[in-house]
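Accompanying notes for the structure given below.
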Amino acid sequence: MPHPVRRLREALLAVALASTALIATVPAAQAAGAAPASTATAATTADATAAGSGYWHTSGRQLLDESNRPVRIAGINWFGFETANYVPHGLWSRDYKSMIDQMKTLGYNTIRLPYSDDIFKGTSPVSVNTSGGMNADLQGLNSLQVMDKIVDYAGTTGLKVILDRHRPDSAGQSALWYTAAVPETTWINDLTALATRYTGKPAMIGIDLHNEPHDPACWGCGDTTVDWRLAAERAGNAVLAANPKLLVFVEGNQSFNGSSYWWGGNLQGAGQYPVRLNVPNRLVYSVHDYATSVAQQTWFSDPTFPANMPGVWDKNWGYLFNQNIAPVWVGEFGTTLQSTVDQKWLKALVQYLRPTAQYGADSMSWTFWSWNPNSGDTGGILNDDWTTVNTTKDAYLADVKAPGFGAAGGGGGGDTQAPSTPAGLAATGTTAATVSLAWTAATDNVAVTGYDVYRGGALVGTTAGTAYTDTGLTAATAYSYSVRARDAAGNVSAASAAVSATTAGGGTGGGAGCTAGWHVDNQWSTGFTATVTVTATAATKSWQVGWTWPSGQQLTGSWNATVQQSGASVTAASLAYNGTLAVGGSTTFGLQGTWSGGNTAPTLSCTAS
């Protein structure tokens, strides 16, 4: 892949403007695939501490809190410390506590704070508004002291913080972890200074050692001047020597064995050359993944896009999670959402990260880029006024958000009460391609902000009202629906009682029209992932694949199709964007499941209309 062109997302208006998780404590009962070690024993004493309390550690692919409860990072990037402002952006407009409170209310539970090594030089924050009592307790503080205030206040609300060494200095990013002006010794000394500074403050759970290593950085080549994996071991072990309770987040690089990917996003080498730390159960692998608003890549123009994306992610980093090797944290991902390609990409990635309602904390962690609206090639969750929310962008993340913690020590810390279950769900009308639904409004202790509509187990839409029309359906086909209510804090109700509806008969007719092939991509002791390829033998508008499991397999997740299991029988139906195929055209969908005794391939049937 050609060298990816990266624009400075931090936008060169730092000073110019200034002149402007589960943390998911969802039990892993729904965990699929390579299940982590049991936490049942610890769970008996978990209630003695607040959910998600203390420092965290790892077990296989999961993150666990101090009481061994599974947790999920579901957070946001708030940049600025790494720029010439030497402080998070937006404090020229708002109080920092108001910002953090809003993050909490929206359902984010972790803040990734980028910084540069400049802040260890006693830098003073630029453009912090202290008029009218705003940011009053930041007056006269240097950058590190402001960081202290943010970490401490985040902790009181229950949010966690991950520090990100984003740049060696405020001038810009670097390919390697060191430069002529900032040698490796300075990098490691500053990392250990942070580890020491926040000892005893478990709101700060870990450090991302270096942002977006890229060519000439290698992985596993053995040259200590460019081997990022070896450098991460040196730095990670220094951090753990200062505070052995911290998590060490290690990003990928750009290239491995001639295969290139996003800066910081290529972890193909980690399976063969894992990062070795002196303290066990502290390593989290991290990646960055972006859409076309950052740079055009070959996979976006693949004729099977977005069905090809799970395979791209599996190859570059998802295999570490699928094979139960280590937790994976998508530390940055974002888009302006202006193009259809970007919209499809974000929808596919959210599904790949595993929706919280379906998988609990047995899911990949993430922090979205960014909170700031002044990121040049992605924009942010906040609009340009630094106050109102880009609700369209925020809604894409709803399925992978997770309940936050209460305040440290149990002193409050935000809304944790879920809305009531929507009642009275009914199909109010059908056509050959649509089903219209309506239900009775749910109630909440604060306010219901919207509803998620599910077809089978797949989210098909969200709405602020109590009615929804599902489109792009297959004629003369039965569908099952349920609805969940959601509040502003990200709390989600139980699913409503399901209702079935059958679309009206259509006149398309046609024979089988397609064939389907089965391929197991990954298999481990209790689980597997597989890809099904659908090929059209006649032009199609939609397709459906069916099979019966031959040896007790159980579906636990799927992407790029609506897949449902009843007993041993499974059906998979196309989605609106991949049902239309020309003769000879093909598309794929993926699934994850568990197995015992044998994992024999099923015999597939395929019909199309």
Condition (residue is acidic (Asp, Glu), in a loop (DSSP other than H, G, I, E, B), open to solvent by 10 Å² or more (accessible area, probe 1.4 Å) and over 30 Å from ALA180 (Cβ atoms)) applied to segment 85-101: is it met by at least one residue?
yes
Pair list, Cβ under 6 Å, 6 or more apart: segment 233-260 residue among the basic types (Lys, Arg), other residue open to solvent by 10 Å² or more (accessible area, probe 1.4 Å)
LYS245/TYR55
Number of the condition not met by THR531 [criteria: (1) modelled with pLDDT under 85; (2) closer than 27 Å to VAL583 by Cα; (3) in a strand (DSSP E or B); (4) of a type in the set (S, T, N, Q)]:
(1)
Of all residues in segment 359-392, which are open to solvent by less than 10 Å² (accessible area, probe 1.4 Å), within 19 Å of PRO88 (Cβ to Cβ) and of a type in the set (Ser, Thr, Tyr)?
THR367, SER370, SER375, THR378
Contacts under 7 angstrom Cβ, first residue in segment 366-390 being under 26 Å from GLY318 (Cβ atoms), partner basic (Lys, Arg), 6 or more apart
THR367/ARG112; TRP369/ARG9; SER375/ARG9; ASP377/ARG7; ASP377/ARG9; THR378/ARG9; ILE381/LYS393
Condition first: touching a His at 6+ places or on another chain (Cβ under 9 Å) and either within 19 Å of ILE325 (Cβ to Cβ) or not in a loop (DSSP other than H, G, I, E, B) (or both). Now tell me which residues in segment 251-265 satisfy that.
GLU251, GLY252, ASN253, SER255, SER260, GLY264, GLY265
With (1) over 27 Å from the mean Cα position of the chain (by Cα); (2) under 23 Å from PHE120 (Cα atoms) as the list, and GLY222 as the residue in question, which single condition is left unmet?
(2)
Test: residue in segment 132-142 that is closer than 16 Å to ILE100 by Cβ, acidic (Asp, Glu), surrounded by fewer than 21 Cβ atoms within 10 Å (Cβ to Cβ) and in contact with a Leu (Cβ under 9 Å, 6 or more places away or on another chain):
no
Is there a residue in segment 397-418 that is in contact with a helix residue (DSSP H, G or I) (Cβ under 9 Å, 6 or more places away or on another chain), of a type in the set (Val, Ile, Thr) and modelled with pLDDT of 80 or more?
yes
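The values are calculated or read from the model by the stated rules, or taken from the named source; none is laboratory data. These figures come from a predicted structure and were not determined experimentally. Here Cβ is always computed from backbone atoms with ideal geometry, including for glycine, and neighbour counts include all displayed protein chains. Accessible surface areas use protein heavy atoms only, side chains included; no ligands, DNA or RNA. Shrake-Rupley method; radii C 1.70, N 1.55, O 1.52, S 1.80 Å.
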